[in-house]
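Q: For reference, the structure I am asking about is given below.
None of the figures in this text is laboratory data; all of them are computed from the coordinates on show. These numbers come from a predicted model, not from an experiment. Glycine gets a Cβ as well: all are built from the backbone with ideal geometry, and neighbour counts include every protein chain shown.
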Amino acid sequence: MSRQQGLPAIGRGWIKIAASLLIGTALVVVAADHPRADHPARTAAPVAVAADAAERSAVIAAIDRQLAALARDDAAAAFAMAAPALQARFGTPDRFLRMVHHAYPAVIRPVRVDYGPAWRLADGRFVQRAMLQTRKGGVVMAVYTLQMVDGQHRITGCFLFDTPAEAV
């Protein structure tokens, strides 16, 4: 199916799920910013808040370091940007790089990367959205999750969603 005909139903479903999660997070943040004494859910701590400029810059720098390492096929540097749980799961930099090439081809040498807002979750992790334009002209939304490890942002996951080409 070509991109002009639209996304397959499953692709549209994943985009709807991702959009719902992002909108839901934003609603929780808005509700927390406007507490009402008569509504207990609105007096609870927010699940996520917008990252400040320094946090967002640090999160983007961590992702950019991994993208640059992947562009060079530098397995050790790309693996170093992964959180300890991911490192344990894949064991070696070479296995990690093979997995990325196989399962995440959009993050290998994207033509363009546009970052959206970053969010700091209540547990200290971060979420960063990026729109990636692939070498084949496709557009993919990447949602990265990161955590602080020894004072550095490390990537805990990356979720990819196909998008219409007009999104970038």
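Q: Based on the mean of other Cβ atoms within 10 Å per residue, sort peptides 148-157, 128-137 so the most packed one is first.
A: Most protected by this proxy first, the peptides run 128-137, 148-157.
Q: Next question, about the same structure. Can you classify segment 57-135 as rounded, prolate or oblate using the Cα gyration tensor, where a ≥ b ≥ c are the square roots of its eigenvalues, rounded means a/c under 1.5, and otherwise it's prolate if a/b beats b/c and oblate if not?
A: Taking the square roots of the gyration eigenvalues as a ≥ b ≥ c, segment 57-135 is oblate.
Q: Residue separation times 0.36 nm, minus the C-alpha to C-alpha distance between residue 149 and residue 121: what's the value?
A: 8.5 nm
Q: Quick check: from the Cα gyration tensor, does segment 107-168 come out rounded (a/c under 1.5), prolate or oblate?
A: prolate
Q: Counting only the backbone N, which residues of segment 105-124 are under 17 Å from the spot 7 Å out from the Cα of residue 159 toward its beta-carbon?
A: Once the point is set 7 Å along Cα→Cβ of residue 159, 116-124 turn out to lie under 17 Å by backbone N, inside segment 105-124.
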